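Take a look at the structure below.
The values are calculated or read from the model by the stated rules, or taken from the named source; none is laboratory data. Not measured: the values here are computed from a predicted model. Neighbour counts are summed over all protein chains in view; Cβ atoms, including those assigned to glycine, are modelled from backbone coordinates with ideal geometry.
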Amino acid sequence: MVVALPYDPPSMAPPLQIRNFSIIAHIDHGKSTLADRLLQATNAVSAREAREQHLDSMDIERERGITIKASAVTVLHHHQPGQTTDELESDFEPPAPEQRSGDAAMRGPASLRAPVAASLPLYMLNFIDTPGHVDFNYEVSRALKACEGAILVVDATQGVQAQTVVNAYLAINENLTIIPVINKIDLPSARSEEVAMEIEQVLGIDAADCLYVSAKTGRGIPELLAAVCEKFPPPRPPLVRQTRALIFDAQYDDYRGVIVYVRVFDGSLSVGDKIRMMGTGRTFNITDIIKYTPKPTRVESGTIGPGETASIVAAIRSLKDVRVGDTVTLDPDPATEPLPGYQPPRQMVFCDFYPATTAEQKGNDFEQLRDSVEKLSLNDSSFTFQPVHSDALGFGFRCGFLGLLHMDIIQERLEREGGVEIVQTAPTVSYEVQIRGDKPPAPKDTTGAGRSVEVVRIENGNAVLEVHNPADLPHPGSILEIREPICRVDIMLPKDKIGDIMKLCLDRRATYKSQTFVSDARDLVSFEIPLAEIIYDFYDKLKGITSGYGTMDYEVIGYRPDNLVKMDILINGDPVEALSIIVHRDKAEHRGRALLRRLREQIPRHQFEIPLQAALGAKVIARETIKAFRKDVTAKCYGGDVSRKRKLLEKQKEGKKRMKSVGSVNIPQEAFMAVLDQGE
Amino acid sequence: MLRQRPAASARAIFLALDRARAAARSLYVHVPFCFHKCHYCDFYSIVDRQDRQEPFVARLLRELAAIAPWAGALDTVFVGGGTPSLLRVDLWQRLLTGLHERFRFGPVAEFTVECNPETVTPELMGVLAAGGVNRVSIGAQSFEARHLRTLERRHDPASVARAVALARGAGITRQSVDLIFGIPGQTVGEWEADLGAALALGTNHLSCYDLTYEPATALTARRDRGEVTPADEDVEIEMFAVTLGATRAAGLARYEVSNYARPGDECRHNLAYWRQEQWLAAGPSASGHLAGHRWKNTPRLDDYLSIDDGGFAPIADHEPPEPVRAIRERIMTGLRLTEGLDARATLASVRAECGHTRAAALASRAEWHRASGHLIEDAGRWVLTESGFLLADGIASDLMGAVD
């Protein structure tokens, strides 16, 4: 629904003050609830409309309790600088109880009501929601580029966590003003002052600056709104005459095409303008400018000016036409320099998706998977895909993700929204492989349409390949070195668990970097760990060791060579490419044994014995055997048993069709994930 | 009092059939009474209450009258249960008389009645023999009191020999004994002893069933609670081998997964099932197969007694003819027989119903099992080998899967 906004921002009589800010937090520290409460406090949202987690728009976000896409919301708020707390309290409408919700809704958002305090200065608050998971740090940072301030939310019971630190540094790096907020102070286990000290200790932000809030009860919300108006700086004045607006997000809408979220820094954007994307050179005509209040609301004047945030609709058909971080300018009068942009997101985790159905139907299912993948890529430009073919699994896609959670989300959305069942192979990271000579290796076979090997650069006359599928490793003889992505991993944990975590990390080829005092009970420990070592079960192990209290975040800091080899898995003598992994040579035997043990559990017994082998090149380093089952026969099958028995056997057969067959061995989907479980 | 309910009844199925083409040569009659529910049994049966035997026989005779027009001269009749031998002798007399009034019997008709060894009396055997019964199937299960207890069978092991002798004495020349192996706690030696005891009776037919844990039976519940430990797979396989050896030595040949007979004494009624011939069915929970239709009468005795649609019984299940399904069923039951499955006829019907690709797929699966040593092609028939019989379900499932 698009309703007209009853104000005319650029031409509006001063003093219209603009504040652009984000809320950043560790997951589950109450960011979304706080966003709700802020919306409600400005009365932009009626109580009836105040669903939980107002800013999240996809079902999947609601279920997982996390936010995938940043959204920007604009509300208007009257604020008298220098008001006392008492005055603020009297202004604040507490969360409406049931009986009030009706008339609150009737009165509608503040912007549509007769201004109660029209004499007070009017603030336009643009707040930009950010995701709260390690995989989406790049989304956080690009959202922060559009802001002048950030509310840093920390749970009063849990204190500073790994993501708190990482997100806070992202904001500090962007030179944002930070308002630290201790949330959930209503909980009996809240230790608000201690947490304020933790913030000072770890982040160097004065504990005295902390605001104490309960997003649940509304306590402290008026003070927070006042601080947003008073402490966050206004947008910088325009630096150039030409229009420059930063794209900080883009979403695909079935009806309107791509909706581009922009923050205007210089000049203005109006409906009818012919815009140009400075990075891609593509041009479009703006057909609509929309703000979310949080209802989609058309900007009636059709124009937005410096400092404003809005989304524009310009008949853009694909997200591929929009590069987040790009600068929008006007085609007739373009700016000369783009705004400082962002790094494009880099896919760090890769796996294959194959349709999970019968050999006979493979063609159709692959088409269905392709349609779903392409459709989803309109919605999420941060995952990549290219067709692959595997002897074991047929045709599918090699997909790249920002991280493990991102991978899970994509798989779930493909299955849910695309209605395809997927066999997923174990994830691997992206490797850099330096080979002898400057020529790319000859393709090993002719079936590999769209192989994932490309020469990324030449170093001293030797080509460096990017390989994100173990099957694509060139011949070992031509490899000079294999480099893997290394992460800086920050772990916040109870002090008494440091020994166990050290051991876990060192088992994962970690290099210890530093230890920071957080509080009497907790420390922040930093390591450098190969990404490949943490994409499997590291996070689960960390949670297990620390009884759920430990938190981590990571950032890829570069590539480093190590003694890495490709380990092949042979089932009944046939190598199964989809199970190949790249491992450290010293750990190959251990991993191989653990993997074969898992496969032995996952693959059902057949009518023949199935040898399982792990091999480095021609050398077998581990083996297991799945014994043949020798008896599978029903004792009785008389006249009345025929129908039931037939259905039973048909069901068994259906079950087998859900599996993939390698030679004559049926391998269930779970087996392809067996690589995930490192075993101990 | 009879009630007329608009429930689905077998009547509609029968009336749609051409009587001339659907002339069944076999009849199954289900007598649902039992002493008690055996722990391993998932057959429909109810604990005997004498007061319902009479209405049951009256109702059964009405059903037999209703379905009789669809029968040709009967080659086989099989009365199973439950425990048919639990039916009062006077009711048996009425039932047998009624059967002969309603059906024509072919010249060499096989007429089998299932008997619990303890219920076999000279009087009953006399009545059965006089009524044309020429074969009894005696549920011995085991000769070890301990194993009988596990199975919740109460009879005295010695009653089996007595029952066989009584049947013989009455002139019932063909006797079969049912045994169960793979009973929790049973050793291979104990099974050999059971087999020996059964073979010593000199019967011309033996059924040896590997104990099956049927869903929703008391025994399965006990297994799931860990109260009984199922036999080890290796032990069961050895028991199969022992069975083959002992029966062969006694002059009985295996002709089906669980059935052994002196040549010529195979149960023709059961062969009719496995060869997918037509048969009529009467009594609660009985299943019939006629002109491609499969149906099952209501399993509830109350409904069977109270709902009477011109004699036809209410049905619980009905599958109309479907050629592809029939091919699959033929594969499933045909592979259970040592005579095997006519490969050429099967492939031809698959080709006709599903096309060349499916027929080729079926042939290639059969070839794969042949290469694995589980199946041979003998005179144009697919026949499972000894190891193949142990895997009959998986092989059948695989071959059936090629047909769709």
Practice problem: Could you tell me which residue of region B:197-217 is nearest to the other protein chains (Cβ to nearest Cβ), considering only residues that are surrounded by 14 or more Cβ atoms within 10 Å (Cβ to Cβ) and in a helix (DSSP H, G or I)? | Solution: B:198
Practice problem: Exactly one condition in (1) more than 11 Å from chain A (Cβ to nearest Cβ); (2) touching a residue at least 24 places away in the same chain (Cβ under 8 Å) is not met by residue B:248; state its number. | Solution: (2)
Practice problem: Check whether at least one residue in region B:222-230 is within 13 Å of chain A (Cβ to nearest Cβ) and hydroxyl-bearing (Ser, Thr, Tyr), and report yes or no. | Solution: no
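One residue is enough: does region A:277-284 have a residue meeting the conditions touching a residue at least 60 places away in the same chain (Cβ under 8 Å) and either assigned to a strand (DSSP E or B) or under 22 Å from the mean Cα position of the chain (by Cα) (or both)?
So far as region A:277-284 goes, no, none of its residues is touching a residue at least 60 places away in the same chain (Cβ under 8 Å) and either assigned to a strand (DSSP E or B) or under 22 Å from the mean Cα position of the chain (by Cα) (or both).
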Quiz item: Does region A:464-485 contain any residue that is surrounded by 14 or more Cβ atoms within 10 Å (Cβ to Cβ), closer than 28 Å to residue A:544 by Cβ and modelled with pLDDT of 90 or more?
Solution: yes
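Scan region A:496-514 and tell me whether some residue there is of a type in the set (Ser, Thr, Tyr) and modelled with pLDDT under 90.
no
For (1) surrounded by fewer than 20 Cβ atoms within 10 Å (Cβ to Cβ); (2) modelled with pLDDT of 95 or more; (3) under 22 Å from residue B:281 (Cβ atoms); (4) in the same structural domain as residue B:69 (by TED's automatic domain parsing), each residue gets a yes or a no:
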residue: B:302; (1), (2), (3), (4): yes, no, yes, no
residue: B:305; (1), (2), (3), (4): yes, no, yes, no
residue: B:317; (1), (2), (3), (4): yes, no, yes, no
residue: B:337; (1), (2), (3), (4): no, yes, yes, no
residue: B:348; (1), (2), (3), (4): yes, yes, no, no
residue: B:355; (1), (2), (3), (4): yes, no, no, no
residue: B:362; (1), (2), (3), (4): no, yes, no, no
residue: B:373; (1), (2), (3), (4): yes, no, no, no
Self-check item: Residue under evaluation residue B:356, criteria (1) away from every other protein chain (no Cβ under 12 Å); (2) under 30 Å from residue B:208 (Cα atoms); (3) more than 28 Å from the chain's Cα centre (by Cα), criterion not met
Solution: (2)
Practice problem: Could you check residue A:254 against (1) within 24 Å of the chain's Cα centre (by Cα); (2) in contact (Cβ under 8 Å) with a residue 12 or more places away in the chain and say which number it fails? | Solution: (2)
Quiz prompt | Breaking point among (1) of a type outside the set (Asp, Glu); (2) in a helix (DSSP H, G or I); (3) away from chain B (no Cβ under 14 Å), for residue A:625 | solution = (2)
Practice problem: Answer yes or no: is there a residue in region B:140-152 that is under 16 Å from the mean Cα position of the chain (by Cα) and polar (S, T, N, Q). | Solution: yes
Quiz prompt | Selection count, region A:629-650, where residues are within 9 Å of chain B (Cβ to nearest Cβ) and in a helix (DSSP H, G or I) | solution = 10
Quiz item: Do you know which of the residues in region A:486-530 that are in contact with a Ser or Thr (Cβ under 7 Å, 6 or more places away or on another chain) and surrounded by fewer than 14 Cβ atoms within 10 Å (Cβ to Cβ) is nearest to residue A:429 (Cα to Cα)?
Solution: A:513
Quiz item: Among the residues of region A:206-245, which ones are among the hydrophobic types (A, V, I, L, M, F, W, C), outside any helix (DSSP H, G or I) and crowded, with 19+ Cβ neighbours inside 10 Å?
Solution: A:210, A:211, A:213, A:215, A:232, A:245
Quiz item: Going by the conditions given, is residue B:188 over 23 Å from the mean Cα position of the chain (by Cα) and within 13 Å of chain A (Cβ to nearest Cβ)?
Solution: no
Practice problem: Name the residue, out of B:373, B:394, that is within 12 Å of chain A (Cβ to nearest Cβ) and not in a helix (DSSP H, G or I). | Solution: B:373
Quiz item: Do you know which of the residues in region A:375-418 that are at pLDDT 85 or above and of a type in the set (Gly, Ala, Ser) is farthest from residue A:669 (Cα to Cα)?
Solution: A:400
Quiz item: Within region B:221-243, is even one residue in contact with a helix residue (DSSP H, G or I) (Cβ under 6 Å, 6 or more places away or on another chain), of a type in the set (Phe, Trp, Tyr) and not in a strand (DSSP E or B)?
Solution: no
Quiz item: Quick one: how many residues across region B:252-300 are more than 8 Å from chain A (Cβ to nearest Cβ), buried (at least 20 other Cβ atoms within 10 Å of the Cβ) and assigned to a loop (DSSP other than H, G, I, E, B)?
Solution: 8
Exercise. Tell me, yes or no, whether region B:303-320 has at least one residue that is of a type in the set (D, E, K, R), over 19 Å from the mean Cα position of the chain (by Cα) and under 27 Å from residue B:268 (Cβ atoms).
Key: yes
Quiz prompt | residue B:364 more than 10 Å from chain A (Cβ to nearest Cβ), in a helix (DSSP H, G or I), out of contact with any Leu (no Cβ under 8 Å at 6 or more places or on another chain) and of a type outside the set (A, V, I, L, M) | solution = yes
Quiz prompt | Which numbered condition residue B:233 fails, given (1) in contact (Cβ under 8 Å) with a residue 40 or more places away in the chain; (2) surrounded by 15 or more Cβ atoms within 10 Å (Cβ to Cβ); (3) within 12 Å of chain A (Cβ to nearest Cβ) | solution = (1)
Practice problem: Could you check, for region B:354-369, whether at least one of its residues is in contact with a Phe, Trp or Tyr (Cβ under 9 Å, 6 or more places away or on another chain) and more than 26 Å from residue A:640 (Cα to Cα)? | Solution: yes
Self-check item: Candidate set from region A:599-622 (those that are out of contact with any Lys or Arg (no Cβ under 9 Å at 6 or more places or on another chain) and part of a loop (DSSP other than H, G, I, E, B)); member that is farthest from the other protein chains (Cβ to nearest Cβ)
Solution: A:618
